[in-house]
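The values are calculated or read from the model by the stated rules, or taken from the named source; none is laboratory data. Given the structure is predicted, the values throughout are model-derived calculations rather than measurements. No Cβ is skipped: glycine too gets one built from the backbone with ideal geometry, and neighbour counts run over all protein chains shown. With ligands, DNA and RNA removed, areas are computed over all heavy atoms of the protein, side chains included. Shrake-Rupley method; radii C 1.70, N 1.55, O 1.52, S 1.80 Å.
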Amino acid sequence: MSLFSRLRGMLKLKRICLILIDILSLLAAITITFFFSQFFAERLLPTNEFLPICMTAYVIMGFIGLLCSGTYRSAVIMDYISDLTRCAIGFIGGEFCLCLIIAALDRSFCVPFILVSIVIGIFVLFIERLFYSIILKRINYIVNHNNMPTALIIGAGEAGRTVLSEIRRSKDHCYRVVGFVDDDPAKISQHIDNIYIYGPTVLIPELCEKHKVDEIIFAIPTCPEERKKQILSICSSTGCNIKVIPSLFDINEKTQFISQATSIRVEDLLGRDVINLNNPQLADFVNNKVIFVTGVGSIGSELCRQIVKLGPKQLVMIDIYENNAYDIQQELIRNGYGNLISTEIASVRDSKKMQSLFAQYKPNIVFHAAAHKHVPLMETNPEEAIKNNVLGTFKVAKLCDEYGVKKMILISTDKAVNPTNIMGASKRCCEMIMQYMSQKGSKTEFAAVRFGNVLGSNGSVIPLFSKQIESGGPVTVTHPDIIRYFMTIPEAVSLVLEAGTMAKGGEIFVLDMGEPVKITTLAENLIRLYGYEPYTEMPIKFVGLRPGEKLFEELLMSEEGLVSTENKKIFIGKQIEIDCDTFEGTIDKIGNAAKNNKKETVVEMLHNLVPTFHDQPDAKLNAKQ
């Protein structure tokens, strides 16, 4: 049996040990009183025949008093002062009862001896309990310290020091820190509070194996994104759980750093800086306004989170899927925004219900995120894409015009550019609706925001890959060369809000999303994040492009040009004229075909309505094996 196992066994006997120690302390106290009296105050001593009885009664009544005080209900001393108070009250109470018994037996000559022994007994108990508390805490520390999860802190700067200090003070974040890792030669081989600084960061896998590290804490909030990506790639190869302290832009100085640490996100491995869109006009744009958000899925929910922080008069969240609506409603209530929000279960396809909501709330701004977005599903259900995406958008746009809404912002997608699938073509129709309503001369300012794939959104590639990895694989990628533009959900929503401040009517806002990312690379990074080696420990299977899927997504059509804005990351695609005389009639016709579930007619009419819509000739290409 190991030392630590024996220590754990001893801790199970701590209550019995405490009782025995208390009895020995009482015996010691009465013995000290006896010798004190014999040498300094002999007149205090009872007669020889009553002395043994008196000493025995002292120990028994003292123990009964301690027992009645409740000091043995928990043998772990949590608060030394309160524990001593209980001991003193119980002990004095027991001995006071003894004095009453002695007086009742007409043996009052014993009382002075007992009174002196009470004073000495309290002193002995105080000293005993102090040493017991120190020893017990030391034993607990030795046992618990060796059972704590081990942590390695990346970064020996100010943030790393703060994290170490917080870990040592915190009851919620208990780690045994085995070291720091830093690339600065001046810091390597030094110590921070007796914790060694290793380096450089290429040694992280070796250190994790040597010290059996459970968790890596990345504590360099000022680290450039490219270098951060490199270090986190090294960390992800270890298989350890990884926590990341937020960047300086995101960190909350009023909250503990360690409490803000989040599990490593795949966006940390994308290799570009996160785009932060800070526009001081956002507060004026949203403040004291009634805001509608239709569709509170991934993007819609994040819109709601950011809007409530800007002080709207009221935020109305609309979704036909009650689970989405309930989740974001409860989250905002927990965060203290319950007085600002209203939740409505409704479909944008339901004209009467939507009209009643516009009449009831009279919104100032509408963010339209409700849509069917899954490409393969819409390929086999084109009529549903028209009913929800096209007709739903048109109905909301008309209501905005009818009720004098200041602005309507449509959430669009890069798949609307030269679409090769039903979903993309339907979203291009939605953009055309925005331009049509603007060309008509509406008082409402209609605009669309176009961006690429959003990391972590419902149905996106990251959750799919995660489920496949957790199920043991394989991870399925459609084509080894397929690439996509990616952005985070907060980035996408920041763009939407900022576009709202710029919109004058008819614009399609496009974000500079940096370089596109190879999906195969994304899958490999995510596999390493889970602690596996791609291809060997976790297979990647190439399954071929799906119907309507492109190898490369675009953000602009050939007819569009880019106009820069005051934000260098945001551009405006030039407007393409819509034939106002025929457009609404065409929408009515395709809508009727969709309502009658005429799939082939819907597809044919969609090709006519969106001239850039063409079938993907590469859809049936076999992927490289």
**Item:** Every pair of residues 6+ apart whose Cβ atoms lie under 6 Å, when the first sits in the stretch 303-314 and is within 16 Å of GLU498 (Cα to Cα) while the second is among the aromatic types (Phe, Trp, Tyr)
**Value:** LEU303/PHE367; VAL308/TYR337
**Item:** Criterion: assigned to a loop (DSSP other than H, G, I, E, B), modelled with pLDDT of 70 or more and surrounded by fewer than 18 Cβ atoms within 10 Å (Cβ to Cβ) - qualifying residue of THR521, THR536
**Value:** THR536
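Please tell me if ILE220 is more than 25 Å from GLU537 (Cβ to Cβ), surrounded by 19 or more Cβ atoms within 10 Å (Cβ to Cβ) and modelled with pLDDT of 85 or more. Walk me through it before giving the result.
Numbers: more than 25 Å from GLU537 (Cβ to Cβ): yes; surrounded by 19 or more Cβ atoms within 10 Å (Cβ to Cβ): yes; modelled with pLDDT of 85 or more: yes.
Yes.
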**Prompt:** Within the stretch 173-205, how many residues turn out to be at pLDDT 90 or above, among the charged types (D, E, K, R) and either open to solvent by 50 Å² or more (accessible area, probe 1.4 Å) or under 15 Å from ASN241 (Cα atoms) (or both)?
**Reply:** 3
**Prompt:** Of all residues in the stretch 64-84 being within 21 Å of ILE135 (Cβ to Cβ) and in a helix (DSSP H, G or I), which is modelled with the lowest pLDDT?
**Reply:** TYR80
**Asked** Is it true that LYS137 is open to solvent by less than 80 Å² (accessible area, probe 1.4 Å) and at pLDDT below 85?
**Response** no
**Fill in**
Within the stretch 387-414, restricting to residues that are assigned to a helix (DSSP H, G or I) and in contact with a strand residue (DSSP E or B) (Cβ under 7 Å, 6 or more places away or on another chain), the one that is farthest from PHE367 (Cα to Cα) is ASP414
**Output for the stretch 437-450, where each listed residue is outside any strand (DSSP E or B) and open to solvent by 10 Å² or more (accessible area, probe 1.4 Å)** = SER438, GLN439, LYS440, GLY441, SER442, LYS443
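Of everything in the stretch 483-494 that's hydrophobic (A, V, I, L, M, F, W, C) and surrounded by 22 or more Cβ atoms within 10 Å (Cβ to Cβ), which residue is modelled with the highest pLDDT? Walk me through how you get there before you give the answer.
The initial filter retains those residues of the stretch 483-494 that are hydrophobic (A, V, I, L, M, F, W, C), namely 483, 486-487, 489, 492-493.
Right, trim to surrounded by 22 or more Cβ atoms within 10 Å (Cβ to Cβ) and you get 486-487, 492-493.
Numbers: PHE486: 71, MET487: 73, ALA492: 78, VAL493: 86.
Ranking the qualifying residues of the stretch 483-494, first place goes to VAL493.
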